[in-house]
1. Within the stretch 55-72, which residues are within 30 Å of G26 (Cα to Cα) and surrounded by 10 or more Cβ atoms within 10 Å (Cβ to Cβ)?
2. So D22 ticks every box in (1) more than 18 Å from the chain's Cα centre (by Cα); (2) modelled with pLDDT under 95; (3) acidic (D, E) but one. Which box is left unticked?
3. If you check I44 against the conditions, is it modelled with pLDDT of 55 or more, among the hydrophobic types (A, V, I, L, M, F, W, C) and in contact with a Pro (Cβ under 6 Å, 6 or more places away or on another chain)?
4. In this structure, does L52 turn out to be surrounded by 10 or more Cβ atoms within 10 Å (Cβ to Cβ), modelled with pLDDT under 95, in a helix (DSSP H, G or I) and within 18 Å of the chain's Cα centre (by Cα)?
Amino acid sequence: MAQSISRLKSDRKSVEGTDDQDSPAGPRNLQDLKTICVEEWAKITPDHCDRLASSYRKRLEAVTANKGFSTKY
């Protein structure tokens with residue numbers, strides 16, 4: 001059984017192209033998640049928001065033209 005689990009982990013690593021130890025640790029609880037979200041939100045600049053808002057119509061038209069499927073955005 002342990003051999004099977006080890007093999008599955010090895011297969012998963014090769015498919016994902018990464019080792020679990022190389023990935024950043026995710027939040028361990030709700031408070032950690034909140035802290036991470038607040039930190040990431042603080043990194044969003046007003047200029048970035050302006051660019052997103054000004055290109056909204058173009059992005060919406062691209063999605064509509066693609067019948068709701070993903071676009072290059």
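1. Within the stretch 55-72, just T71 meets the criteria.
2. (1)
3. no
4. When the stated conditions are applied, L52 passes them.
The values are calculated or read from the model by the stated rules, or taken from the named source; none is laboratory data. Predicted, not measured: the structure shown is a model, and the values here were computed from it. Don't worry about glycine lacking a Cβ; one is built from the backbone with ideal geometry, like all the others, and counts go over all protein chains shown.
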